[in-house]
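Below: the structure, in structure tokens.
The values are calculated or read from the model by the stated rules, or taken from the named source; none is laboratory data. Values in this document were obtained by computation on a predicted structure and should not be read as measured data. Cβ: placed from backbone, ideal geometry, glycine included. Neighbour counts: every protein chain shown.
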Amino acid sequence: MIQIQDVIVSLDIFREKFLCDLDACKGECCVEGDAGAPVELDEVARLEEVLPVVWDDLSPAAREVIDRQGVVYPDRDGELVTSIVDGKDCVFTCYDEHGCCYCAIEKAYREGRVGFYKPVSCHLYPIRVGNYGPYKALNYHRWDVCRAAVLRGEKENVPVYRFLKEPLIRKFGAEWYHQLEIAADELKKQGYI
């Protein structure tokens, strides 16, 4: 582990390789799991704001869940997460003609219909942000559904921190990311990665 400002970073963020392979996984990370995606308190309003724009992209079952409980709910640990359909799909999932799962919010963002990309926890995946006393802690989350992304990352030699440059800057800022890159160079020189 290393510390950058008030963030503790697991060495796996530097060592492990990762590059999403949507053709292989079909967006399974938005479907599988035991709860929705973690949501920061200030993101709840953003989710509600984009809801009318993406409403027609959502499944009837997702709309029903949102009507009943809203866009988020507290999980078993009391953390806010996106609402899910039938214990699986995030309510913001949508599918293409090939059965590939996409985030309706990200799709709308890329089409210029909304100004919110998606919850930062989704953007940061496979990094999970936790709390470690007064610090934030970044850990690499291993999951079988992402095996193709690991293989692709290894083949193209893309470490997790480089794959997630954009969302890491979104969450912690450009200066923080620059310090992360300096730390990566130092870890390489010292033979840790």
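Scanning the range 11-42 for residues that are assigned to a helix (DSSP H, G or I) and in contact with a Lys or Arg (Cβ under 9 Å, 6 or more places away or on another chain) returns ASP12, PHE14, ALA24, CYS25.
Pick from the range 122-149 the residues that are small (Gly, Ala, Ser) and part of a helix (DSSP H, G or I): which of them is surrounded by the fewest Cβ atoms within 10 Å (Cβ to Cβ)? Step through it out loud before you land on a result.
Here is the first cut: in the range 122-149, the ones small (Gly, Ala, Ser) are 130, 133, 137, 148-149.
Cutting the leftovers down to part of a helix (DSSP H, G or I) gives us 148-149.
Working: ALA148: 17, ALA149: 24.
Per the criteria, the residue is ALA148.
Do we find that CYS146 is under 27 Å from GLU49 (Cβ atoms) and in contact (Cβ under 8 Å) with a residue 24 or more places away in the chain in this structure? It is false that CYS146 is under 27 Å from GLU49 (Cβ atoms) and in contact (Cβ under 8 Å) with a residue 24 or more places away in the chain. Among residues of the range 111-137 that are over 14 Å from GLU166 (Cβ atoms) and touching a residue at least 24 places away in the same chain (Cβ under 8 Å), those with a beta-carbon under 6 Å from a residue that is among the aliphatic types (A, V, I, L, M) and surrounded by fewer than 20 Cβ atoms within 10 Å (Cβ to Cβ) at least six positions away or on a different chain give the pairs ARG113/VAL53; VAL114/VAL53; TYR132/ILE8; TYR135/ILE8; LYS136/VAL7; LYS136/VAL129; ALA137/ILE8. Return a yes/no flag: does the range 3-22 have any residue that is closer than 19 Å to CYS101 by Cα and free of Cβ contacts under 8 Å to residues at least 40 places away in the same chain. No; the residues of the range 3-22 include none that is closer than 19 Å to CYS101 by Cα and free of Cβ contacts under 8 Å to residues at least 40 places away in the same chain. Could you please find all residues in the range 7-26 being touching a strand residue (DSSP E or B) at 6+ places or on another chain (Cβ under 8 Å) and more than 18 Å from TYR140 (Cα to Cα)? Selection gives LYS26 alone.
Exactly one residue among GLY133, GLY87 is over 12 Å from the mean Cα position of the chain (by Cα), assigned by TED's automatic domain parsing to the domain that holds VAL71 and at pLDDT below 95, and that residue is GLY87.
Within the range 181-189, is even one residue touching a residue at least 24 places away in the same chain (Cβ under 8 Å) and not in a helix (DSSP H, G or I)?
First, the residues of the range 181-189 that are touching a residue at least 24 places away in the same chain (Cβ under 8 Å): 183-184, 187.
Subsequent filtering for residues that are not in a helix (DSSP H, G or I) retains none.
No, the range 181-189 contains no residue that is touching a residue at least 24 places away in the same chain (Cβ under 8 Å) and not in a helix (DSSP H, G or I).
When restricted to residues that are more than 18 Å from GLN3 (Cα to Cα) and among the hydrophobic types (A, V, I, L, M, F, W, C), the range 121-163 contains 11.
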